[in-house]
Amino acid sequence: MLRNNTLSNLSDEDLLSMHKESDKNDCIEELFIRYLPLLYGVCLKYLKDADKACETLSQLYEELFETLANYDIDEFRPWIYGVVKNHCFQTLRKEEHSIAVDFNEDIEEFTDILDLFEKDKNASSLTECINKLPERQRTSLNYFFTNELSYAEIVNKTGYTLKNVKTYIRSGKQNLKLCLENNNP
């Protein structure tokens, strides 16, 4: 068995060929350790969380020897980079992405428009003002006020980004308020 000092002086290709010939895990361990900073950086880039990055690298290390049996690797660096990147993508796909929104900050913002809705006895002027809004504002406001959908639900229904939904509702509310005020002096 070779000492770690000897392994660290060998090239990637030499370590791979030694692993193929003798099936020594020490060679792959050396390669993994050699590229650990790169692999950690890749995980951190995609997962955006240091703990998740460390956890992912631990999982990959445990699965590495099994995975290697399925591949004939010529160059370790690009291969392991691709494996880590794909593993990060799989991790992200498995996670449930939820959109966290603090509704308390927006409640006060919408009370004035709700008051206008209640004060507007003439439904035709409300309908007229709603129809004057740009389509995205009209759609977002309709989902928010009429269907009582959350921002996240509107994002899922329309395909707009969360930032855009908030903007469309805010702008639509302002435009609607101005229109209603002009129609109901």
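Numbers below:
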| quantity | calculated |
| --- | --- |
| Filter result (hydrophobic (A, V, I, L, M, F, W, C) and part of a helix (DSSP H, G or I)) within region 53-75 | 53, 54, 57, 60, 64, 65, 68 |
| Within region 140-152, tally of residues that are in contact (Cβ under 8 Å) with a residue 24 or more places away in the chain and either under 18 Å from the mean Cα position of the chain (by Cα) or closer than 16 Å to residue 130 by Cβ (or both) | 6 |
| Cross-chain or 6+ apart pairs with Cβ under 8 Å, region 153-173 first and farther than 14 Å from residue 130 by Cα, then in a helix (DSSP H, G or I) and among the small types (Gly, Ala, Ser) | 154/140; 158/140; 160/140; 162/152; 165/140 |
| Tally of residues being surrounded by 15 or more Cβ atoms within 10 Å (Cβ to Cβ), in a helix (DSSP H, G or I) and either modelled with pLDDT of 55 or more or among the hydroxyl-bearing types (Ser, Thr, Tyr) (or both) across region 114-151 | 15 |
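The values are calculated or read from the model by the stated rules, or taken from the named source; none is laboratory data. Computed from a predicted structure; not experimentally measured. When we count neighbours, we look across all protein chains shown, and the Cβ atoms used for this are built from the backbone with ideal geometry, even at glycine.
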